[in-house]
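Quick notes on the structure that follows.
The values are calculated or read from the model by the stated rules, or taken from the named source; none is laboratory data. Everything numeric in this text was worked out from a predicted model, so none of it was measured. Heads up, the Cβs are rebuilt from the backbone with ideal geometry, glycines too, and the neighbour counts pull from every protein chain shown. What goes into the accessible areas is simple: the full protein's heavy atoms, side chains included, and nothing from ligands, DNA or RNA. Shrake-Rupley method; radii C 1.70, N 1.55, O 1.52, S 1.80 Å.
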Amino acid sequence: MAMRPISSNVCTPTEKIAAWLVDEMRKYPIRHGSSVKNSRELVAQIQDTVVRRGEILVSFDVSALFPSVPVPAAIKSLREHLERNRAPPIHIEAYITVVKECMSQNFFTFREKIFKQEFGLSMGSKLSPLLAEAFMSDFEVELKNEKLFPRVWKRYVDDVFAIVKERHLPQTLDLLNSRYPTIKFTVEKEADGKLPFLDLLITKKQDNTLKFGIYRKPTSTDRYITSDSNHFGAQKQAAFHSMAHRLVHIPMEEEDFIAEKENIYKAAKINGYDKQFVDRIIRVHERKKHKQNVTTLQPERENIERISIPFYPKITNPIKNILKRHGYHAVYKSNTTIRDSLCNAKDKVPTKDRSGIYQINCKDCPSIYIGQTRRKIQARIKEHRNATENKRINDSSVAMHAISLQHQIDWDSAKMLKNVRKSSHLNAWESMQISTAEQPLMNEDDAPIISPLFSLTKLRM
């Protein structure tokens, strides 16, 4: 199996501007192709379809879509999409400039070497889904007038449900794979009139109409958050709400509906829940569906401020109620995650190359210097050393201490106290380290932030 390059864009120079652009693009949603948002929308669009004589159900899939998309073509598609939506020309140029800059910053490190992804969309960029959607929308529109293009074509990202003439399938696959050398489709044909697609099992009936059921992979274990797990109730119910929503909204024949309901009961039992638990959740979704059917009015969305807090059963609920009275909605996070238990696939950044709070020691007395830097710590310590050796006492408190008292500085023992990635947090962390220091300080200036809270921190320590 071919490896796919994944370069994380977290904490990169382009991360925030990419997020801003994604938010901007919500003003210009892409509706230029045949994409669907989910399986429910797919069913709504194909449930009245009749399969003609000689046609079969197939699914196409693009192999490794993001790394295979030609970036210039994707940017061209995005520009044309913005022009079709009559975005202001000056905005279009700004958007495209941002996209080009973000797409050129696909750097990552591996075994202490720096690499750059030369082709395709980065799988770690927030802009990649947007560009892939623009590209695939243009791709299918350009091929729509071709004689061999499927009569029914519904795409979810890079997965496509299609109905094609069976004898034309090889030529149709060749057509799809002829447009771009890097875009390669694979195909899966129906078996016994059945085709799994997304979370659906689509079946061709005797009268050539379609019916729908829920598809579960053979490897599915039905293991979710168990009833005795230390999680908030809504988190435990989430998987069953999803299954109940699908059960209620996917139009199924009675026997398929009953079979799926039994599957949900079975999953509930495996995870320590009873039938009444499932029935309550199903009734909630049935009532919601009934309300949607009898009224076209949409409930007004409230602008709610959310706060993430750890979940502790005896403590969290009272805090939640207090926050609610002040207009805040509490959401919960777990203190132990799978990520914490697994190794980090990224190369660790050496301590000397990180930013944050550092300490420099004196050899001849117990004094220490505590400082901050948003650059590499080794670079800042080197500046202190140069100032000391060149007797520039106005450039460094460390130099002032060493020269005025004729003391030696222990440069080899200089160390990081706290790795701080966000520059806006540096003053607070430096202030806390200075306020809690038990040794005399070389620092000439006071801590950036003076607060009694740091004194409380010292008492706790």
Practice task
Scan segment 101-114 and give yes if some residue there is in a helix (DSSP H, G or I) and touching a residue at least 60 places away in the same chain (Cβ under 8 Å), otherwise no.
Solution key: yes
Problem - Filter result for Lys116 (closer than 22 Å to Asp138 by Cα, open to solvent by 70 Å² or more (accessible area, probe 1.4 Å) and in contact with a Phe, Trp or Tyr (Cβ under 9 Å, 6 or more places away or on another chain)) - result: no
Practice task
Could you please find all residues in segment 150-170 being open to solvent by 20 Å² or more (accessible area, probe 1.4 Å) and outside any strand (DSSP E or B)?
Solution key: Arg151, Val157, Asp158, Glu166, Arg167, His168, Pro170
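Tell me, which residue of segment 61-70 that is surrounded by fewer than 21 Cβ atoms within 10 Å (Cβ to Cβ) and of a type outside the set (D, E, K, R) is farthest from the chain's Cα centre (by Cα)?
Per the stated criteria, the residue is Pro70.
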Exercise for the section: Could you tell me which numbered condition Thr203 fails, if it satisfies all but one of (1) open to solvent by 50 Å² or more (accessible area, probe 1.4 Å); (2) among the polar types (S, T, N, Q); (3) assigned to a strand (DSSP E or B)? Expected result: (1)
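Taking Ala74 as the residue in question, decide whether it is in a helix (DSSP H, G or I) and under 23 Å from the mean Cα position of the chain (by Cα).
Numbers: in a helix (DSSP H, G or I): yes; under 23 Å from the mean Cα position of the chain (by Cα): yes.
Answer is yes for this residue.
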Completion exercise
The number of residues in segment 374-392 that are among the β-branched types (Val, Ile, Thr) and touching a residue at least 24 places away in the same chain (Cβ under 8 Å) is 2
Practice task
Would you check if there is a residue in segment 393-406 being out of contact with any strand residue (DSSP E or B) (no Cβ under 6 Å at 6 or more places or on another chain), open to solvent by 30 Å² or more (accessible area, probe 1.4 Å) and within 21 Å of Pro350 (Cβ to Cβ)?
Solution key: no
Problem - Residue identified as exposed (fewer than 15 other Cβ atoms within 10 Å of the Cβ), without any contact (Cβ under 8 Å) to a residue 12 or more places away in the chain and more than 27 Å from the chain's Cα centre (by Cα) among Glu254, Glu286 - result: Glu254
Practice task
Inspect segment 87-107 for any residue being open to solvent by 30 Å² or more (accessible area, probe 1.4 Å), modelled with pLDDT under 90 and not aromatic (Phe, Trp, Tyr) and give the result as yes or no.
Solution key: yes
Practice task
Within segment 305-329, work out how many residues are in contact with a Phe, Trp or Tyr (Cβ under 9 Å, 6 or more places away or on another chain) and either among the small types (Gly, Ala, Ser) or at pLDDT below 75 (or both).
Solution key: 2
Handout entry: Single residue of segment 76-86 satisfying the filter (of a type outside the set (Asp, Glu) and open to solvent by 20 Å² or more (accessible area, probe 1.4 Å)) that is nearest to Ala191 (Cα to Cα)
Key = Lys76
Practice task
Give segment 1-39 a look and list any residue that's at pLDDT 85 or above and open to solvent by 100 Å² or more (accessible area, probe 1.4 Å), or say none.
Solution key: Lys16, Trp20, Arg26, Lys27, Lys37
Practice task
Among residues belonging to segment 40-52 that are open to solvent by 70 Å² or more (accessible area, probe 1.4 Å) and in a loop (DSSP other than H, G, I, E, B), point out the one that is nearest to Lys154 (Cα to Cα).
Solution key: Gln47
Practice task
Check segment 412-420 and report whether any residue there is assigned to a helix (DSSP H, G or I), surrounded by 15 or more Cβ atoms within 10 Å (Cβ to Cβ) and not polar (S, T, N, Q).
Solution key: no
Exercise for the section: Please specify each residue of segment 156-172 satisfying the condition of being in contact (Cβ under 8 Å) with a residue 40 or more places away in the chain and either under 15 Å from Asp61 (Cα atoms) or among the aliphatic types (A, V, I, L, M) (or both). Expected result: Tyr156, Val157, Asp158, Asp159, Val160, Phe161, Ala162, Ile163, Val164, Leu169
Practice task
Please verify whether segment 178-189 includes one or more residues that are of a type outside the set (Ser, Thr, Tyr), in contact with a Lys or Arg (Cβ under 8 Å, 6 or more places away or on another chain) and either farther than 22 Å from Phe212 by Cβ or surrounded by fewer than 16 Cβ atoms within 10 Å (Cβ to Cβ) (or both).
Solution key: no
Exercise for the section: Considering each of Phe232, Phe311 in turn, give the residue that is under 27 Å from the mean Cα position of the chain (by Cα), surrounded by 15 or more Cβ atoms within 10 Å (Cβ to Cβ) and within 28 Å of Ser39 (Cβ to Cβ). Expected result: Phe232
Problem - Scan of segment 61-100 for residues that are free of Cβ contacts under 8 Å to residues at least 40 places away in the same chain and either touching a Ser or Thr at 6+ places or on another chain (Cβ under 8 Å) or at positive phi (or both), ordered by number - result: Arg86
Problem - Subset of segment 131-143 that is in contact (Cβ under 8 Å) with a residue 60 or more places away in the chain and open to solvent by 30 Å² or more (accessible area, probe 1.4 Å) - its residue that is farthest from Thr12 (Cα to Cα) - result: Val141
Problem - Any chance Arg246 is part of a helix (DSSP H, G or I), among the basic types (Lys, Arg) and touching a residue at least 24 places away in the same chain (Cβ under 8 Å) - result: yes
